[in-house]
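Structure first, then comments.
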Amino acid sequence: MQLLDREVEKELLAGLLQAAKRGKSGTIVLRGEAGIGKSALIDHAMESATGMRVLRVTGVVAESELGYAGLHRLMLPLLDRLSGLPIPQRAALESAFGMAEGIAPDPFLVGLAVLTLLTDHAETRPVLCVCDDAQWLDDESLRTLAFVARRLQADRVAILVGLRGTDGLTALDDLPTHLVTGLATQAAHTLLASTVKDRLDPRTADRIVIETGGNPLAICELGRELIARREPPIPLSERLPMGRQLEAGFLRRVGMLPEHTRTLLLVTAADPTGDPGLVWRTVLHLKASGGAPDLISAAEPAVTAGLINTHRVIGFRHPLMRSAVYGGAADGLRRAVHSALAAMTDRDTDADRRAWHLAAATAHLDEDVAAELERSAHHARLRGGFAAEATLLAHAAGLSPHPAKRTARLVAAAGAAQAAGHVQRAEHLLDQAEPALDDGSAADAMRLRGMLLLHTSRSEQAIGVLLRAATLFQDHHIAPVTESLLAAFEAAAISPWTVTDKSLHDLAEFALRFVRDSEQSESGARTLLRGHATAVIEGFDASAPFLRAALTAIRRRTPEEEPSSWLVLSGTAAMQLWDDEAISTIAVNEADRARERGDLQVLRRALHCQAMLRIWRGQFAAAGLLFAECDELSAVIGSSRVGSPGEVLLLAWQGDETRTRQAAARLLSLGPAEPQAVGGHMVQLARTALAVLELGRGNYREALDAAHRAFDDDFAFFNTPPLPELLEAAVRGGQPDVARAVLDRLAERAAAAGTPWALGLLARSRALLTDEPEQHYAEAIRLLEGTGIITDLARAHLLYGEWLRRVRRRTEAGLHLAKAHTMFTTMGANDFAERARAELIAGGHRPPKRSVESTDGLTPREAQIAALAAHGATNQEIATRLYISANTVDYHLRKVFMKLSITSRRQLRERLSRIDGQDWTTPVRG
């Protein structure tokens with residue numbers, strides 16, 4: 001097809017290719033209606049990619065539900081380089097492509113493997129990756145391609161995608177997109193004239209140009225059809241949509257071919273491999289060769305008609321022709337072709353494709369075929385093709401003659417759809433299964449539905465559903481009951497404020513009965529369940545021993561003994577107990593295990609937990625890096641629900657009033673009616689952050705208002721951390737009665753917790769409410785010095801110094817205020833540092849001077865990479881951790897060196913060790 005009137009697109013594509021050759025990666029998604037010229041532009045780009053390695057794949061309807069099938073075809077030319085991949089990446093890719101058996105590969109490890117293969121090859125030769133008809137690419141391949149496109153930056157790789165339709169695919173939503181529209185009038189007339197050799201009168205030509213909207217394929221095909229039929233054109237506006245118009249035209253052309261050629265075309269359309277040998281064997285099996293001695297001879301009429309080509313592989317000249325031939329065939333003939341393809345497909349080497357053909361060939365219920373599909377679904381799961389697994393199981397259910405097997409397969413398909421992230425599809429499959437559920441399958445279905453509700457911000461509904469699942473499981477299996485109840489408590493922990501006391505009490509009472517009545521010895525998970533249930537029924541004091549025991553067991557567990565720590569529940573338990581060591585150990589262990597498994601959801605939560613601990617330890621720069629990594633993971637996962645909610649506390653400590661209020665307002669404004677409704681713990685976090693902000697600025701009444709709301713709500717899963725802030729605000733805000741009530745609650749909970757952090761906070765708080773606070777301040781400082789919780793230690797010195805100044809013990813006051821000032825300045829707690837400075841000046845002291853270097857010139861990504869490099873990580877290790885390429889790491893490090901005026905990693909470590917007083921030589925993960 002002649003490429004006319006595409007100067008904008010040609011310039012865009014030229015820029016993409018030239019940038020890749022210079023080492024700057026890029027992606028373009030060409031979007032537009034069928035026949036608008038996307039494929040022609042892709043062909044032009046491939047022809048222009050001189051000196052580049054071109055990899056191309058075209059999405060095919062018949063292959064759209066076979067997991068990683070499209071990606072396998074795309075990467076086939078590079079698979080000889082698999083041995084050079086890091087072992088986890090190689091294992092993941094081999095498993096995804098069915099080249100080796102093993103556990104289901106994590107999709108992000110598969111993506112990282114593809115990224116590594118592409119960027120390694122691009123070291124010697126730039127690469128252009130092309131995917132046409134992406135709407136027909138299987139889900140796993142499409143997500144992997146999008147993952148890679150987002151991670152490329154300083155690499156010699158370009159990605160070009162053609163997507164039919166005006167609506168994008170979710171996986172491609174945030175990639176650079178260009179809408180391809182029809183040709184301008186003059187170019188359209190030029191194209192039509194070149195097609196029909198000026199054999200149409202001007203009025204007819206005008207009608208074609210106008211009514212096709214400048215669609216190049218429609219102009220060419222309609223022009224040829226009119227010349228061939230010598231009939232006046234039917235007004236296009238009175239016919240079908242453009243894609244179907246073109247398909248109808250192709251089918252008319254197919255209808256004029258010999259019968260054996262039509263059959264060959266249908267075989268070609270049903271077989272996505274394009275393997276000439278397989279196509280010809282299938283045609284012979286169908287006895288549809290028409291006497292032709294070989295494939296080329298049988299295909300000649302279709303080649304002459306401009307429908308297919310036979311270069312190396314047999315394929316259609318335009319993707320729309322394939323869908324027209326396949327969709328336009330009679331059902332019986334299509335089934336016969338699939339049956340023949342199944343017969344000709346090797347049972348051992350390509351069992352899954354064979355099963356798919358068998359299913360497409362089957363018109364009636366057939367348990368044998370359903371069983372084959374179920375086996376293929378199992379293979380798909382082992383390759384990480386959860387979307388393919390769901391589809392295969394759904395087909396198996398549709399062919400199942402036995403109601404019980406049909407229902408079990410539907411429930412299993414729903415589970416696979418959930419794993420693939422297809423929530424609506426999973427719920428639809430559960431709806432189909434529901435009428436025939438028995439006691440066993442009902443429990444599985446109920447738990448699955450509860451988990452779907454939990455992970456789609458409908459946590460309040462999830463509580464009741466998961467509790468119901470636990471009641472169905474309890475007579476059969478202990479472990480599923482425990483898991484269902486823990487999931488229900490997690491739903492309660494992250495639920496919005498509308499969760500009712502009754503639903504939470506019903507859940508807790510059932511959980512306690514279950515734990516007490518079951519004879520199985522308590523594991524860390526069951527003890528954690530008992531602790532949270534006890535907290536709801538009997539209060540924090542009674543729950544503390546169980547929560548402590550659970551944290552101890554979880555810290556000592558092995559993944560083989562208990563695969564999950566239930567990070568949300570164990571993390572909140574550790575925070576309730578002010579147990580910084582438990583927070584650190586559990587979060588670090590979970591992060592390490594999540595990296596090994598490639599479980600980015602758990603990794604994001606673990607890093608968030610680490611970041612919170614870094615805040616309390618006064619390591620704000622490290623906390624900021626961890627939050628940045630959380631945000632990067634959110635982008636990789638495709639989730640932006642509430643970003644990193646703990647960052648509001650970091651902003652408050654840093655004294656960033658504008659951003660703190662914005663972040664807090666966002667968390668507080670997302671109510672239960674919103675699709676992004678946030679949990680009560682996030683609301684409490686926002687209120688605590690506002691209290692910290694106001695305390696730092698000396699606005700005690702405002703701090704009291706923010707913290708008092710947290711006290712009144714007393715949210716079961718986050719009710720102890722705000723207490724010290726509220727007590728200080730109440731004392732300084734002239735509300736002694738409120739302060740004493742808070743102290744009573746704090747005393748009970750600190751004693752129950754028994755940790756140095758808790759007892760140190762209690763001592764500091766008691767000092768605020770007594771006329772003889774010296775002993776309490778000394779005890780608070782002694783206890784907090786042993787914890788590493790620098791923020792609270794610095795505040796103890798500040799409060800002690802403020803009291804000493806008021807009782808005119810200026811020398812001692814100066815010592816504590818100077819120490820507080822230095823600590824706050826070092827960590828970057830600007831408002832608290834200013835509060836200490838003002839007290840020093842009021843006491844006649846000169847604040848200590850300190851030269852503080854900063855990383856203000858570095859972007860969050862540059863600071864993140866710089867920190868990892870300073871810790872000794874190699875470029876490849878950093879790339880693996882951050883899911884980017886090693887070239888991108890090198891690109892950012894060069895910018896870091898330039899901005900910091902250094903030339904080596906040794907200088908980087910020295911420079912960063914001086915910035916904001918942070919310990920940059922300790923791994924960020926800790």
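Nothing in this text is a laboratory measurement; each read-out follows from the coordinates by a stated rule. Because the structure is predicted, anything quoted here is derived from the model rather than measured. Quick reminder, even Gly has a Cβ in these numbers, built from the backbone with ideal geometry, and neighbours come from all protein chains shown.
A few comments on the model shown:
- Crossing angle, helix 540-556 versus the chain [Cα axis fit, 0-90 degrees, rounded to tens]: 60
- Helix-only CD estimate at 222 nm, as mean residue ellipticity for the chain, using -39500 (n - 2.57) per DSSP H run (n ≥ 4): -21000 deg cm²/dmol
- Straight-line reach from residue 197: taking Cα to Cα under 26 Å and skipping same-chain neighbours fewer than 8 places apart, the lysines in range are 38.
- Computed from phi, the 3J(HN,Hα) profile of the range 780-796 under the Karplus parametrisation 6.51, -1.76, 1.60 (θ = phi - 60°) reads 4, 5, 4, 5, 6, 5, x, 9, x, 7, 5, 4, 6, 5, 4, 5, 5 Hz, with x in place of Gly and Pro.
- Average Cα contact separation per residue, the range 7-179, under 8 Å, 6 or more apart, as relative contact order %: 40
- The share of Cα pairs per 10 Å bin across the chain, counted from zero up to the longest distance, runs 2, 10, 17, 20, 18, 14, 10, 6, 3, 1, 0, 0 percent.
- When only the Cβ of Lys, Arg, Asp and Glu is charged (+1, +1, -1, -1), the dipole of the chain relative to its Cα centre reaches about 2540 debye.
- Charged-residue dipole, Cβ positions (Lys, Arg, Asp, Glu), the range 253-344 about Cα centre, Debye nearest 20: 140
- Global geometry of the range 741-819, whether rounded, prolate or oblate, following the gyration tensor of its Cα atoms and the 1.5 cut on a/c: oblate
- Shape call, the range 253-344: gyration tensor on alpha carbons, a/c limit 1.5: rounded
- Loop-located GluC sites (Glu not before Pro) in the range 299-400, at most 11 other Cβ atoms within 10 Å (DSSP): none
- If you sort the three axes of the alpha carbon gyration tensor as a ≥ b ≥ c, you get a/c of 1.5 or more for the range 345-436 and a/b no higher than b/c, which makes it oblate.
- Beta bridge orientation in the chain: antiparallel %, DSSP, nearest 5: 10
- Counting other Cβ atoms within 10 Å as a rough exposure proxy, the listed residues 331, 366 run 331, 366 from fewest neighbours to most.
- Normalised by the number of residues in the range 345-436, the average gap of Cα pairs under 8 Å and 6 or more apart makes the relative contact order 22 percent.
- Furthest towards positive pole of dipole, 465, 113, 411, structure part the chain, Cβ charges: 113
- From most to least packed by mean Cβ count within 10 Å, the peptides 74-87, 420-433, 621-634 give 621-634, 420-433, 74-87.
- With the simple spin-label model, which puts each label point 7 Å out from Cα in the Cβ direction, the residue 333 to residue 434 separation comes to 4.2 nm.
- Residue exposure proxy: 405, 819, ordered by other Cβ atoms within 10 angstrom of their Cβ from fewest to most, comes out as 405, 819.
- Extending 7 Å from Cα along the Cβ direction at residue 905 and again at residue 378 yields two label points whose distance is 4.6 nm.
- Note: relative contact order over the chain, using C-alpha pairs below 8 Å and six or more positions apart, is 8 percent.
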